[in-house]
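Chemist: Pasting a structure here, questions to come.
Every number here is computed from the coordinates shown, using simple stated rules; none is lab data. The structure displayed is predicted, hence computed values, not measured ones. Positions of Cβ are backbone-derived with ideal geometry, glycine not excepted, and every protein chain shown enters the neighbour counts.
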Amino acid sequence: MRLVIFDCDGVIVDSEKVANRLVAADLTALGWAMTPTEAERLFLGMTLPDMMPLIEVRLGRSIPPDWPGRLQDRLVAALSREARPIAGAVEALHATTALGLGWRIASNSSHEEMAAKFACLGITALVAGRLHSHRDVGRGKPAPDLFLAAAAAEGCAPAECLVIEDSLPGARAAAAAGMDCLGYAPHSDGAALRALGAIPFTSMFDLPGLLAVAPRRTA
C-alpha cells in the first residue's frame, strides 16, 4: 500500500445530516414527502445528477434541470456554517502522513461543496492539492473513475491503494477500481459494506492502527 484514498462526506466531514435535511425539504416541496432519514437511505453516496432520474420516476414528471445547481448553492451556504469533522478524522489524516503514506480525498461532491466544508473545519491548507470531485471525471461513484483518477495523480497502481468509505456506492467503486476498502460503519455492523468486499471498522480513531499494520511500500 502506498496511497490511502478517503471519501469526504461521512468519513472526514459530518455533513450528511445537513445534506439530507435540504434534500428532504426540496423533494417534499416538489411533491415527494420525505424525511431526512429517508433521504439518507435512498441517496447516500449518490451525485445530484444521478439522483434526478430516481426522483423523476417517483414524481412521474420532469423536474427543473437547474435543480441540482440551485440545491448545491444552498448546500454550500449551509455547509460553510454547519460542517463538522467526523471524530478522529483529521487526526487520521495527520497519522497517515506520519506513517509515510500518501493520501487523497475523492468525493461525489463538487469542489465548491468541498471547499465550504473544509473551510468550516479549518483544514483548507491541509487538504490543498489532494481533492478529487466527480466533476473531474466522466462518472462519479459507483463507477471506478474517481478512485482511478486519484491513484493516477499519485502515480500509484490500483493494487497499491486503500479506500476509506462509508457508502455502498463508494464500496462498489473501490471494488470496480480493484482497490481494497475499509468500510467506516459507526452505527451498524457493517454487513452491507462487508457484502461488497469492504472490511468494516467503527471509529476513525482506530484507522491509524489499521493502517500501521497494513503491508505498505513507500517508494
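Chemist: Calculate how steeply helix 67-82 sits against the longest principal axis of the alpha-carbon atoms of the chain, using the helix alpha-carbon long axis, and give the answer as 0 to 90 degrees to the nearest 10.
Modeler: 60 degrees
Chemist: Residue by residue through region 32-43, which ³J(HN,Hα) values in whole Hz follow from phi under the Karplus form 6.51 cos²θ - 1.76 cosθ + 1.60 (θ = phi - 60°), with glycine and proline marked x?
Modeler: Working through the residues one at a time gives 10, 4, 8, 9, x, 5, 5, 4, 5, 4, 7, 10 Hz.
Chemist: Contour minus end-to-end for ALA152 and GLN72, with contour as 0.36 nm per residue of separation and end-to-end as the Cα-Cα distance? Intermediate values should be presented prior to the final figure.
Modeler: Numbers: separation 80, 0.36 × 80 = 28.80 nm, distance 2.79 nm.
Gain in length upon complete extension: 26.0 nm.
Chemist: Quickly work out the ILE199-to-ALA214 label distance, labels modelled 7 Å from Cα along the C-beta direction, and quote it in nm with one decimal.
Modeler: 0.8 nm
Chemist: Is the shape of the chain best called rounded, prolate or oblate, per the rule: a/c under 1.5 gives rounded, else a/b larger than b/c gives prolate, else oblate, with a ≥ b ≥ c the square roots of the Cα gyration tensor eigenvalues? Before the final figure, lay out the partial values.
Modeler: Numbers: a/c = 1.77, a/b = 1.64, b/c = 1.08.
Prolate.
Chemist: Same structure, new question: Counting alpha carbon pairs within less than 8 Å and at least 6 residues apart, what relative contact order, in whole percent, applies to region 16-82? Walk me through the numbers on the way to the answer.
Modeler: Details: 41 pairs, mean separation 23.6, N = 67.
Result for region 16-82 is 35 percent.
Chemist: Additional query: Divide by every residue of the chain the summed helix terms, -39500 (n - 2.57) for each DSSP H run of at least 4, and state the resulting mean residue ellipticity at 222 nm, rounded to the nearest 500 deg cm²/dmol. Provide the component values of the computation, followed by the final result.
Modeler: Values: 11 runs with 107 residues, N = 219.
Helices in the chain give a 222 nm mean residue ellipticity of -14000 deg cm²/dmol.
Chemist: Let me ask something else. Please work out how much length the chain gains when fully extended from ALA33 to GLU112, using 0.36 nm per residue of separation minus the C-alpha to C-alpha distance, in nm with one decimal.
Modeler: Values: separation 79, 0.36 × 79 = 28.44 nm, distance 2.81 nm.
Full extension from ALA33 to GLU112 adds 25.6 nm.
Chemist: Would you work out which of PRO64, THR202, LEU30 lies farthest towards the positive end of the dipole of the chain, given +1 charges on the beta-carbon of Lys and Arg and -1 on that of Asp and Glu, about the Cα centre?
Modeler: The residue sitting most towards the positive pole is PRO64.
Chemist: If you don't mind, another one. Would you grab the residues whose amide H sits under 5 Å from the one on TYR184? Only those 5+ places off in sequence or on another chain, please, with H modelled 1.01 Å from N.
Modeler: Close amide H contacts, sequence-distant or interchain: GLU165, ASP166, PHE201.
Chemist: Gain in length, LEU54 to ALA159, computed as 0.36 nm per residue apart minus the alpha-carbon separation, to one decimal in nm?
Modeler: Numbers: separation 105, 0.36 × 105 = 37.80 nm, distance 3.36 nm.
Stretched out fully, the LEU54 to ALA159 stretch lengthens by 34.4 nm.
Chemist: While we're here: Once you keep just the Cα pairs under 8 angstrom separated by 6 or more residues, what percentage relative contact order results for the chain?
Modeler: Working: 377 pairs, mean separation 57.5, N = 219.
It comes to 26 percent, rounded to a whole number.
Chemist: Tell me the net charge near ALA153. Cut-off is 14 Å between Cβ atoms, ALA153 excluded, with +1 for each Lys or Arg and -1 for each Asp or Glu.
Modeler: Working: positive: ARG2, ARG104, ARG130; negative: ASP136, ASP145, GLU154, GLU160.
Local charge sum for ALA153: -1.
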